[in-house]
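The values are calculated or read from the model by the stated rules, or taken from the named source; none is laboratory data. Everything numeric in this text was worked out from a predicted model, so none of it was measured. Note that we place each Cβ from the backbone using ideal geometry, even for glycine, and neighbour counts take in every protein chain shown. Heavy atoms of the whole protein, side chains included, go into the accessibility calculation; ligands, DNA and RNA do not. Shrake-Rupley method; radii C 1.70, N 1.55, O 1.52, S 1.80 Å.
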Amino acid sequence: RLDEFQRRLREVGGCSVLIYEQTCAAEKRRRRKTGAFPNPPKRLFIAQSVCEGCGDCSVQSTCVSLVPVETEFGRKRAIDQSSCNKDYSCLGGFCPSFVTVYDAEPRKPKALAIDEALFADLPPAPRAMIGDAGYNVMITGIGGTGVVTVGALLGMAAHLEGQSMSLFDMTGLSQKNGAVYSHVRIAANQGAVHAQRLGRGEADLLLAFDLVAALGAESATALSPTRTRAVVNGDVSPTLAFQFDRDFDPDTKLLTAQLSRAVDKDSFTSANASAIALAIMGDTIGANLFLLGVAAQRGGLPVGIQAIEQAVALNGVAVPFNIRALRLGRLYAANPQTVLDMARGVTPCQRPRAETVDEIIDHRAAHLTVYQNAALAQRYRDMMAKVRAQEADVAPGRNELSRTVARAYAKLLAYKDEYEVARMLTDERLRADIASAFDDTARITFNLAPPILAGRKVNGRPRKREFGSWILVPLGLLARLRGLRGTAFDPFGYTAERRMERGLVKDYVQLLWSTLADITPANYDRAVALLAAADEIRGYGPVKEHSVEAYRAKVAELDAAFRKTPIASDTPRPLARAK
């Protein structure tokens with residue numbers, strides 16, 4: 001409520017003082033690990049079926065523990081429980097998908113039992129040669145993943161072998177996934193170390209634990225296309241940009257291509273280290289030591305394996321885990337298929353997503369049947385049959401328009417009203433998801449803002465309230481009354497939001513027919529973009545209202561581009577209507 005109080009104080013005459021006192025979230029997490037700070041038995045969980053992917057939770061919290069998750073219905077959000085600082089600020093998002101979980105800790109993936117005999121036949125790891133100017137390593141990553149620790153391990157390994165070394169760390173903010181850089185210099189004698197920070201093009205090895213950080217100026221200036229070999233984590237962590245752009249998706253292929261041009265392409269190694277570490281070792285924290293093992297086995301380190309393992313032992317933190325991760329990386333460098341087969345064997349199989357137009361239509365029709373009834377599903381199928389027939393006449397062999405309409409029209413038909421949210425929150429699949437994510441002792445509550453209990457608004461929004469599991473009984477009853485939806489007996493159908501949602505369906509159908517009436521091979525791509533704009537409509541309540549405003553503005557612009565008719569800046573921008 002910081003903004004609310006600032007607005008209140010600005011109306012007070014004279015000088016006002018506002019004191020905001022709160023322990024840093026990252027510091028809380030550090031203290032909790034040692035038992036020096038209270039650890040509330042409370043966590044939040046996002047019901048993916050209810051989530052609209054609107055991103056309001058990220059807007060309210062700017063928390064990087066909110067991560068993207070791809071579903072059959074598009075990109076949504078989940079909470080990374082391993083990095084969550086328990087400040088619960090994401091609960092401020094106006095969304096009924098947040099479930100509060102009490103008295104239970106997250107279940108950690110079980111590590112795969114690894115036979116140490118797997119590592120017995122590993123060939124010796126060749127050493128990198130140390131030149132007269134020493135050997136320079138640039139390590140890049142994000143806060144909280146052990147970047148500085150890996151630099152310290154290399155420095156200690158060099159010290160144990162009687163070599164000289166220099167470490168220079170630039171740390172970021174762990175709770176915001178800030179970039180972290182570690183400059184490591186290893187030389188035969190101290191006289192060869194003239195500066196701690198790596199200069200332009202001086203890096204002999206890049207250990208890129210994070211692709212985005214590796215392309216930052218601090219790292220990029222030290223890289224050389226003729227000198228630097230690279231070992232890279234191909235799994236990209238969500239960046240802060242995702243908190244402000246709900247559809248932001250870093251292009252991993254583009255990032256990898258950019259980095260490969262900055263280093264020696266012939267010695268460029270990329271591995272999905274985070275996914276492998278999670279699948280085999282049960283924790284992504286093993287990714288950095290895994291990549292260190294890859295670099296060692298590929299001859300990228302000027303220190304021996306024995307010295308590195310001794311440094312890990314001296315560090316005294318998770319010694320067996322870290323040594324196993326190091327050796328697993330060496331095994332990957334020597335025989336990648338063995339490691340990939342191990343990871344694939346324990347990774348749960350995901351249900352294949354609907355990709356073809358027929359698959360999408362079948363999937364959405366089944367969803368609409370459960371949402372309301374078979375009649376609504378048939379209405380959807382009839383519409384899609386007409387769209388596909390017209391598309392075949394205009395653009396034979398293409399189906400982008402049908403694919404777009406199949407998703408957008410189904411989404412508008414199945415708007416998430418009180419009946420649908422009640423059905424999803426009482427669905428047994430949500431219980432199964434929570435049971436698989438948390439211990440059996442979990443006790444859950446729901447965070448809702450029923451219109452009948454609106455009360456005083458908070459920051460201009462309806463106030464959310466916490467309801468115990470008893471709410472499942474009335475929610476179950478409400479879900480069974482979904483047959484009232486859209487009828488004269490629907491008590492919710494008279495609200496402004498529900499009238500708006502029904503109007504959006506009618507507007508889209510009119511827009512669809514007017515677009516199909518004027519579509520040609522020349523403006524086909526613009527038609528697809530116009531009809532895809534419905535994806536802008538997301539969220540609940542005030543969030544949805546704002547998204548609809550953005551949708552209408554976007555439709556006006558795209559419709560003008562489709563028909564090549566300019567819009568005067570001083571005229572209203574209505575949705576396109578059928579001719």
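Counting just the Cα atoms, what span does the stretch 105-263 cover along each of its three principal axes? Round to the nearest Å and put the largest first.
Principal extents (Cα only, largest first): 51, 43, 28 Å.
Can you run phi through the Karplus equation (6.51, -1.76, 1.60; θ = phi - 60°) for the stretch 146-151 and list ³J(HN,Hα) in whole Hz, with x for Gly and Pro?
With coefficients 6.51, -1.76 and 1.60, one gets x, 5, 5, 4, 5, x Hz.
Let me check I have the definition right: for the stretch 1-140, take the eigenvalues of the Cα gyration tensor, multiply each by 5, take square roots. What are those semi-axes in whole Å, largest first?
On the way: eigenvalues 344, 131, 67 Å².
Semi-axes from the Cα gyration tensor: 41, 26, 18 Å.
Could you list, in their original order, any pairs among Lys110/Lys265; Lys86/Lys554; Lys253/Lys411; Lys42/Lys110 whose Cα atoms are separated by more than 32 Å?
Checking Cα-Cα distances, Lys110/Lys265; Lys86/Lys554 exceed 32 Å.
Return the Cα extents of the stretch 332-422 along principal axes one, two and three, sorted largest first, each rounded to a whole Å.
Over the stretch 332-422, Cα extents along the principal axes are 56, 42, 16 Å.
For the chain, give the percent of accessible area contributed by carbon and sulfur heavy atoms, probe 1.4 Å, rounded to a whole number.
On the way: 15630 of 28320 Å².
So the carbon and sulfur contribution to the accessible surface is 55 percent.
Amide H of Arg77: which non-local residues (sequence gap of 5 or more, or other chain) have their own amide H closer than 5 Å, using H built in the peptide plane?
Close amide H contacts, sequence-distant or interchain: Gly53, Val69.
Name the shape class, rounded, prolate or oblate, that the alpha-carbon gyration tensor gives for the stretch 1-58, where a ≥ b ≥ c are the square roots of its eigenvalues, rounded holds for a/c under 1.5, and otherwise prolate holds if a/b is larger than b/c and oblate otherwise. Intermediate results must be reported in sequence, preceding the final value.
On the way: a/c = 3.92, a/b = 1.31, b/c = 2.99.
Because a/c hits 1.5 or more and a/b fails to exceed b/c, the stretch 1-58 counts as oblate.
In the stretch 177-215, what trypsin sites (Lys or Arg not before Pro) fall in a loop by DSSP, with at most 11 other Cβ atoms inside 10 Å? Let's see the in-between values first.
On the way: sites: Arg185, Arg197, Arg200; in loops: Arg197, Arg200.
When the trypsin sites (Lys or Arg not before Pro) of the stretch 177-215 are filtered for loop state and at most 11 Cβ neighbours within 10 Å, Arg200 remain.
Could you tell me which GluC sites (Glu not before Pro) in the stretch 1-70 are loop residues by DSSP with no more than 10 other beta carbons within 10 angstrom of their beta carbon?
Details: sites: Glu4, Glu11, Glu21, Glu27, Glu52, Glu70; in loops: Glu11, Glu21, Glu52.
Those that pass, being in a loop and sparsely packed, are Glu11, Glu21.
Given the C-alpha centroids of the stretch 481-537 and the stretch 1-41, what is the distance between them in whole angstrom?
If you average the Cα positions of each part, the centres end up 43 Å apart.
Quote the charge dipole size of the stretch 246-287 about the Cα centre in Debye, to the nearest 20; the model charges only the Cβ of Lys and Arg (+1) and of Asp and Glu (-1). Could the numbers behind the result be given before it?
Working: 4 positive and 6 negative charges, 16 e Å.
With only Lys, Arg, Asp and Glu charged at Cβ, the dipole is about 80 debye.
Give me Rg/Rg_expected for the chain, where Rg uses Cα atoms only and Rg_expected = 2.2 N^0.38 Å with N residues. Intermediate values should be presented prior to the final figure.
Working: Rg = 27.9 Å, N = 579, 2.2 N^0.38 = 24.7 Å.
Cα Rg divided by the expected 2.2 N^0.38 Å: 1.13.
With +1 on each Lys and Arg Cβ and -1 on each Asp and Glu Cβ, and nothing else charged, work out how big the dipole of the stretch 1-55 is about its Cα centre, in Debye to the nearest 20. Each step should come with its number before you reach the end.
Numbers: 12 positive and 6 negative charges, 91 e Å.
Magnitude of the dipole: close to 440 debye.
Using the Cα gyration tensor of the stretch 229-322, with a ≥ b ≥ c the square roots of its eigenvalues, what is the shape: rounded (a/c below 1.5), prolate (a/b larger than b/c) or oblate (neither)? Walk me through the numbers before you get to the answer.
Working: a/c = 2.75, a/b = 1.40, b/c = 1.96.
Because a/c hits 1.5 or more and a/b fails to exceed b/c, the stretch 229-322 counts as oblate.
Among Phe168, Ala220, Val232, which residue has its Cα positioned farthest towards the positive end of the charge dipole of the stretch 159-237, with +1 placed on the Cβ of Lys and Arg, -1 on the Cβ of Asp and Glu, and the dipole taken about the Cα centre?
It is Ala220, whose Cα lies furthest towards the positive end.
Under 5 Å between amide hydrogens, which residues at least 5 positions from Ala187 or on another chain qualify, with H placed 1.01 Å from N in the peptide plane?
Tyr135, Ser164, Met165
Find the accessible area per residue for the stretch 266-348; the probe is 1.4 Å, ligands and nucleic acids are left out, and the unit is Å². The partial results should precede the final answer.
On the way: 3120 Å² over 83 residues.
Value returned for the stretch 266-348: 38 Å² of accessible area per residue.
Rank Asn335, Gln390, Pro68 by how far each Cα sits towards the positive end of the charge dipole of the chain (+1 on Lys, Arg Cβ; -1 on Asp, Glu Cβ) and give me just the farthest.
Gln390
With a ≥ b ≥ c the root eigenvalues of the C-alpha gyration tensor of the stretch 406-491, is it rounded (a/c under 1.5), prolate (a/b larger than b/c) or oblate? Could the numbers behind the result be given before it?
Working: a/c = 1.65, a/b = 1.19, b/c = 1.39.
Taking the square roots of the gyration eigenvalues as a ≥ b ≥ c, the stretch 406-491 is oblate.
Send over a whole-number figure in Å² for the accessible area per residue of the stretch 1-75, probe 1.4 Å. Don't skip to the end; give the middle numbers.
Numbers: 4590 Å² over 75 residues.
Counting only protein heavy atoms, the per-residue value for the stretch 1-75 is 61 Å².
List the trypsin sites (Lys or Arg not before Pro) within the stretch 431-523 that fall in a DSSP loop (any state other than H, G, I, E or B) and whose Cβ has at most 14 other Cβ atoms within 10 Å.
Taking the stretch 431-523 and a limit of 14 other Cβ atoms within 10 Å, the loop trypsin sites (Lys or Arg not before Pro) found are Arg456, Lys457, Arg463.
Distance between Cα centroids, the stretch 217-240 to the stretch 244-283: provide it in whole Å.
Centre-to-centre distance over Cα atoms comes out at 10 Å.
Can you give me the Cα centroid spacing of the stretch 381-400 and the stretch 73-152 in angstrom?
46 Å
Calculate, for the stretch 147-206, the solvent-accessible area per residue in square angstrom, rolling a 1.4 angstrom probe over the heavy atoms of the protein chains. Before the final figure, lay out each step's value.
Details: 2600 Å² over 60 residues.
The answer is 43 Å² per residue.
Suppose every K and R has +1 on its Cβ and every D and E has -1 on its Cβ; what is the size of the dipole of the chain about the Cα centre, in Debye to the nearest 20? Can you show the working numbers first?
Details: 74 positive and 63 negative charges, 300 e Å.
Result for the chain is approximately 1440 debye, rounded to the nearest 20.
With the dipole of the chain worked out from charges on the C-beta (+1 for Lys and Arg, -1 for Asp and Glu) around the Cα centre, which of Asn447, Ala271, Ala133 lies farthest toward the positive end?
Of the candidates, Asn447 comes out farthest on the positive side.
Let me know the Rg and Dmax you get for the stretch 453-546 when you use only its Cα atoms, in Å.
In order Rg, Dmax, the Cα atoms of the stretch 453-546 give 18.8, 58 Å.
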